[in-house]
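Below: one structure, written as structure tokens.
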Amino acid sequence: MGAFFFSGSSVAKLDEKGRFVLPHNMRYGLVEDGKCEFVLGLGLGGCLAIYRRGTIQSIVEKFREKQHLAQYQKFFTLFFSTLHETQCDKIGRLAIPPHLKNAMNIKKEIVVAGVMDKIELWPKEVYDQNLRNLLENKNSDQNLAQMAEEAFALLVDQSPVSP
């Protein structure tokens, strides 16, 4: 089997302390060096993201090269200031820091979505609306068929052919 990647989704309810149970199969994918420690922070498009420690280290190494460019300063400040090293408790619960919960307008339910090298946490209402919009071709620059065609085109080797 190839390299591990996150996939699938489930709905999770937050308790009164802002905790939810991370699905077992996703917790398993976060284990590195025998430890289930990971980083929670901002994701793309209005979600939170859980990154494996190794993934976040790769991101840091690449961003370091651009850290002094003014065009990225605001993003770097927001991205890195929201990163929280964390882990699940003994029963698999993960607490969302209150300021991130409020910033993302997370209420009682979230969608936990596996997306390749990260796990995204979406307010359920936002995830459901994004899915409806995509399937109904509303408020979108592209429809699902166009997006799928472009994504699967990435799989085609586009390197120049040698003579």
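Within the stretch 16-64, if we keep just the residues that are part of a strand (DSSP E or B), out of contact with any Phe, Trp or Tyr (no Cβ under 9 Å at 6 or more places or on another chain) and not acidic (Asp, Glu), the residue that is nearest to GLY114 (Cα to Cα) turns out to be ALA49. Annotation: VAL39 fulfils all but one of (1) within 20 Å of ASP128 (Cβ to Cβ); (2) surrounded by 13 or more Cβ atoms within 10 Å (Cβ to Cβ); the unmet one is (1). Quick one: GLY45 ticks every box in (1) modelled with pLDDT of 90 or more; (2) under 14 Å from the mean Cα position of the chain (by Cα) except a single one, so which number is it? With (1) modelled with pLDDT of 90 or more; (2) under 14 Å from the mean Cα position of the chain (by Cα) applied to GLY45, the lone miss is (1).
Could you check, for the stretch 78-96, whether at least one of its residues is assigned to a helix (DSSP H, G or I) and in contact with a strand residue (DSSP E or B) (Cβ under 7 Å, 6 or more places away or on another chain)? The answer is yes, given that some residue of the stretch 78-96 is assigned to a helix (DSSP H, G or I) and in contact with a strand residue (DSSP E or B) (Cβ under 7 Å, 6 or more places away or on another chain). Taking the listed residues ILE91, ILE96, the one that is surrounded by 14 or more Cβ atoms within 10 Å (Cβ to Cβ), out of contact with any helix residue (DSSP H, G or I) (no Cβ under 7 Å at 6 or more places or on another chain) and among the hydrophobic types (A, V, I, L, M, F, W, C) is ILE96, with no other qualifying. Taking the criterion of being surrounded by fewer than 14 Cβ atoms within 10 Å (Cβ to Cβ) and among the aliphatic types (A, V, I, L, M), the only residue of the stretch 104-130 that qualifies is MET116.
The values are calculated or read from the model by the stated rules, or taken from the named source; none is laboratory data. The shown structure was predicted, so the numbers you read here are calculated from the model rather than taken from an experiment. FYI the Cβ positions are ideal-geometry reconstructions off the backbone, even for glycines, and counts take in every protein chain you see.
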